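One structure is given here, and the rest of the page talks about it.
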Amino acid sequence: MLEIRNLHAQVDGHEILRGINLTVRPGEVHSIMGPNGSGKSTLSQVLAGRETYVVTDGEVLYNGRNLLELAADERACEGVFLAFQYPVEIPGVSTNYFLRAALNSVRKYRGQDELDAMDFLKLVREKARLVEIDDKLLNRSLNEGFSGGEKKRNEVFQMAVLEPALAILDETDSGLDIDALRIVADGVNKLRSPERAFLVITHYQRLLNYIVPDHVHVLIDGRIARSGGKELALELEEKGYGWLEKEARRVEPVSA
Amino acid sequence: MPSSSDAIRDFAAREYKYGFVTDIEADSVPPGLNEDIIRVISAKKGEPAFLLDWRLKAFRHWQTMAEPRWPNVKYPPIDYQAIVYYSAPKRQGGPRSLDEVDPKLLETYEKLGIPLEERAALAGVAVDAVFDSVSVATTFKEKLRELGIIFCSFSEAVRHHGDLVQKYLGSVVPYRDNFFAALNAAVFTDGSFVYVPKGVRCPMELSTYFRINAAATGQFERTLIVADEGSQVSYLEGCTAPMRDENQLHAAVVELVAHKNATIKYSTVQNWYPGDEEGRGGIYNFVTKRGLCEGENSRISWTQVETGSAITWKYPGCVLKGNGSVGEFYSVALTNHRQQADTGTKMIHIGANTRSTIVSKGISAGRGQNTYRGLVKIGKSAEHARNYTQCDSMLLGSRCGAHTFPYIEVRNNTARAEHEATTSRIGEDQLFYCNQRGISTEDAVSMIVNGFCKEVFRELPMEFAVEARKLLEVSLEGSVG
């Protein structure tokens, strides 16, 4: 479903991604871990199509298509979803209004009929129950005055409504207390399916106690330094990232 | 890779949707302004002596005045002698029904999406349509008549309700008020007149559509609305204008009078031709609008959505004379390309326990310049007066400007005035967030701006709110990047 080959990307002239290779198949959950500044968030932004990140080399195939050719909104319509690390606020636009506009753009792109207000409301109620989000929150301005946990839950809720094929979660666990973490993880687990793939980006191992990945990749200095199964995450929890960083730099010393 | 800025450029390339000219023979006077022209206008309209006299006094006063230079707008000098001050579609003695209306004129309204007969029938709106200075169609008059409500063109009011006109004309905006108000008093050709008698609640929204048509014809509308004790009325004013090259002057005056316990709600959607992307053409909209809360517990509410005109200069205000009277001002002003707006309100508190609310939303895009200018004046006698002002600006792009000039004068210790102001920008992060959910940049911009304006839109009558949203979308052409 997703095939990343030798991906290089830079922002403001700094090379952040330096040759990423990754293959994700439908139904799989991949976790991307790594220390701060290793390029985890950059990878998610590049995949989602943010224009401030410039791809300088490599390619990304999504269902056999060149993903990098598509604008951000087209990627979304093709089923790529990014749960933001820092969801933005849009004053005066309720989550429900926003989400209906989003869903209907996606449906229109796919040649489906737009959902009317009644059907949309039905869908929203169902999905709100799934991720345990308060209905009242959905009528408030998008993310305005939401707590950190409410914002993240709102991201997972939007994911549930939009039903993407590829969901990228960018540090969805950051800033969450343990209860919020459990609820968010439960929501994600309920959305796991044989057709849907997840890329779960996280700094800490604890999220992976709740969302159990099929594959774990460690990103160091813009490259995948090591890949493994879920036990790799536990090893990292124990030993930290230091040993992998040393190893990575031994392979290619950083020029002074 | 198709970028969001391409989408914006395409959007920017769209033309002004309402730019077309109707081909109708006009009955015009030669250009220029002097006492003879004023006499001709007055004679053509068969006016009584008091009105001609008032016009001449206004004209003589106007000659002693200088055009205001304090607004934060720039434009070349206006040659007042080059303007045609009167132009009427050629048909004497006004049509009695829609059948008598020039079909071409009706076609024009059709193009603008204002099917008179349908709108009137379906929405229960009585329309007093002004086409180049003279009323051409009036509907629902009979129904209003039964309730004793007078809703007609200003000329008709002068003919049939001279006493009311004489009593109220200039009582809120005297001809000495300002340069443009004086000019209007001297040369106004038509407008609307509303009188709602004691205790009557007007059962429908009253509505007027203005339209400038004949080339280089200044439009000088005059509207007078009087709500007698305990009455209620809601009035809608909407305008669009055809595309042309030369600048056109529009200097209207609107006067509202609310007696004891009366309520007047006045809503405007203004979409005069704003000029092209380089600022050529476009309407100069220099308007004086003021309401007098004459009686106790009276209420006047102004709601405006200003998206058009090359230059907008207007401060719809309220004089809160009656004890416990309430004044409100809700405004959205959008400037794009090279549009300039200097707009706001004046709330003059005289009576005790008077209250005013100001909510202003300014949106600047392209090279647009948007200025909020407001005066809150609380006089000595205004015990326990209260004002709340909220003034928000939004910037789209980096070449536009937002300016705020709030003036607050308080002369009573028991009064309270609050002022809040914010300035924001549509962020790249907001647009990316919307894009990431499948929403195009174009739709995202209009959604974010509409959200910003929500507090004002909810004050508009239903159909008007829908129209206003659409108007914002069209007006936001080429707004980012």
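The values are calculated or read from the model by the stated rules, or taken from the named source; none is laboratory data. Bear in mind that the values here come from a model prediction, so they are computed numbers and not experimental data. Because the Cβ atoms are built from the backbone with ideal geometry, glycine has one as well, and the counts that use them run over all protein chains shown. Side chains included, ligands, DNA and RNA excluded: accessible areas come from the protein's heavy atoms. Shrake-Rupley method; radii C 1.70, N 1.55, O 1.52, S 1.80 Å.
Descriptive notes on the structure:
- Around the amide H of residue B:416, modelled in the peptide plane, lie the amide H atoms of B:385, B:386, B:387, all under 5 Å away and 5 or more residues distant in sequence or on another chain.
- FRET efficiency for residue A:89 and residue A:227, using Cβ-Cβ distance with R0 set to 45 Å, rounded to 0.05: 0.75
- For the range A:34-77, carbon and sulfur atoms together expose 42% of the accessible surface, with a 1.4 angstrom probe and every protein chain in place.
- Taking a ≥ b ≥ c as the square roots of the eigenvalues of the alpha carbon gyration tensor, the range A:95-205 is oblate, as a/c is not under 1.5 and a/b does not beat b/c.
- Counting only other chain Cβ atoms within 10 Å of each residue's Cβ, the peptide A:2-15 averages 0.
- Listing of the range B:422-436 residues, each with accessible area lower by at least 30 Å² in the full protein assembly than in the chain alone (probe 1.4 Å): B:428, B:429, B:430, B:432, B:433, B:435, B:436
- As a rough guide to protection, the peptides A:117-128, B:314-325 ranked by mean Cβ packing within 10 Å, highest first, stand as B:314-325, A:117-128.
- Residue B:267 long-range amide H proximity, modeled H, under 5 Å: B:235, B:236, B:237, B:303
- Peptide-level mean, for B:438-450, of C-beta atoms on other protein chains within 10 Å: 6
- In sequence order, calculated HN-Hα J values of the range B:389-402 (Karplus, 6.51, -1.76, 1.60; Hz; x Gly/Pro): 10, 10, 9, 10, 10, 10, 10, 10, x, 10, 10, 9, x, 10
- Overall form of chain A per C-alpha gyration tensor (a/c, 1.5; a/b vs b/c): prolate
- Per-residue extension of 0.36 nm, minus the Cα-Cα distance of residue B:40 and residue B:198, leaves a gain of 53.2 nm for this segment.
- Compared with its chain on its own, the range A:76-109 contains the following residues whose accessible area drops by 40 Å² or more in the full protein assembly (probe 1.4 Å; ligands, DNA and RNA excluded): A:84, A:88, A:90, A:92, A:98.
- Between amide H atoms placed 1.01 Å from N, distances below 5 Å from residue B:408 occur with B:376, all of them 5 or more places distant or on a separate chain.
- Across B:74/B:321; A:40/B:454; B:45/B:346; B:265/B:361; B:265/B:377; B:45/B:143, pairs whose alpha-carbon gap is larger than 30 Å: B:74/B:321; A:40/B:454; B:45/B:346
- Size of the B/A contact, given as accessible area buried on both chains, probe 1.4 Å, in Å²: 2400
- Distance from the alpha carbon centroid of the range B:145-159 to that of the range A:65-130 works out to 52 angstrom.
- Summed residue charge, Cβ within 10 Å of residue B:452's Cβ, Lys/Arg positive, Asp/Glu negative: 0
- Charged neighbours of residue A:164, selected by a Cβ distance under 11 Å, balance to 0 (K, R count +1; D, E count -1).
- A simple rule links phi to the HN-Hα coupling: the Karplus curve 6.51 cos²θ - 1.76 cosθ + 1.60 with θ = phi - 60°, which for the range A:203-219 gives 8, 10, 6, 4, 4, 6, 5, 9, 9, 7, x, 7, 9, 10, 10, 10, 9 Hz, with x for Gly and Pro.
- Highest GNM mean-square fluctuation among A:215, A:203, A:14, for chain A modelled with Cα contacts below 10 Å: A:14.
- Förster-model FRET efficiency, 60 Å R0, residue A:65 and residue B:50, C-beta, rounded to 0.05: 0.15
- Helical contribution to [θ] at 222 nm, DSSP H n ≥ 4, -39,500 (n - 2.57), averaged over chain A, rounded to 500: -11500 deg cm²/dmol
- Dipole size of the range A:1-157 about its Cα centre, with +1 on Lys/Arg Cβ and -1 on Asp/Glu Cβ: approximately 360 debye, rounded to the nearest 20.
- Backbone N under 20 Å from the residue A:5 label point (7 Å along Cα→Cβ), restricted to the range A:61-75: A:61-70
- Of all accessible heavy-atom area on the range B:304-376, the percent that carbon and sulfur account for (1.4 Å): 47
- Chain A: relative contact order as a whole-number percent, Cα under 8 Å and 6+ apart: 27
- For residue B:408, neighbours were defined as the other residues whose beta-carbon sits under 13 Å from its Cβ, and their charges (Lys and Arg +1, Asp and Glu -1) total +3.
- The apolar share of the surface of the range A:120-218, taken as the fraction of accessible area on carbon and sulfur atoms (1.4 Å probe, ligands and nucleic acids excluded), comes to 48 percent.
- Think of a 1.4 Å ball rolled over the protein heavy atoms: chain A then has 45 Å² of accessible area per residue.
- Taking θ as phi - 60° and the Karplus parameters 6.51, -1.76 and 1.60, the scalar couplings of the range B:421-432 work out to 9, 9, 10, 9, 9, 6, x, 4, 5, 5, 5, 5 Hz in sequence order, x denoting glycine and proline.
- Taking the Cα centre of the range B:28-93 as reference, the dipole from Cβ charges on Lys and Arg (+1) and Asp and Glu (-1) amounts to some 200 debye.
- Residue-normalised accessible area of the range B:238-364, expressed per residue, 1.4 Å probe, Å²: 22
- With a 10 Å cut-off around each Cβ of A:51-60, the average count of Cβ atoms from other chains is 1.
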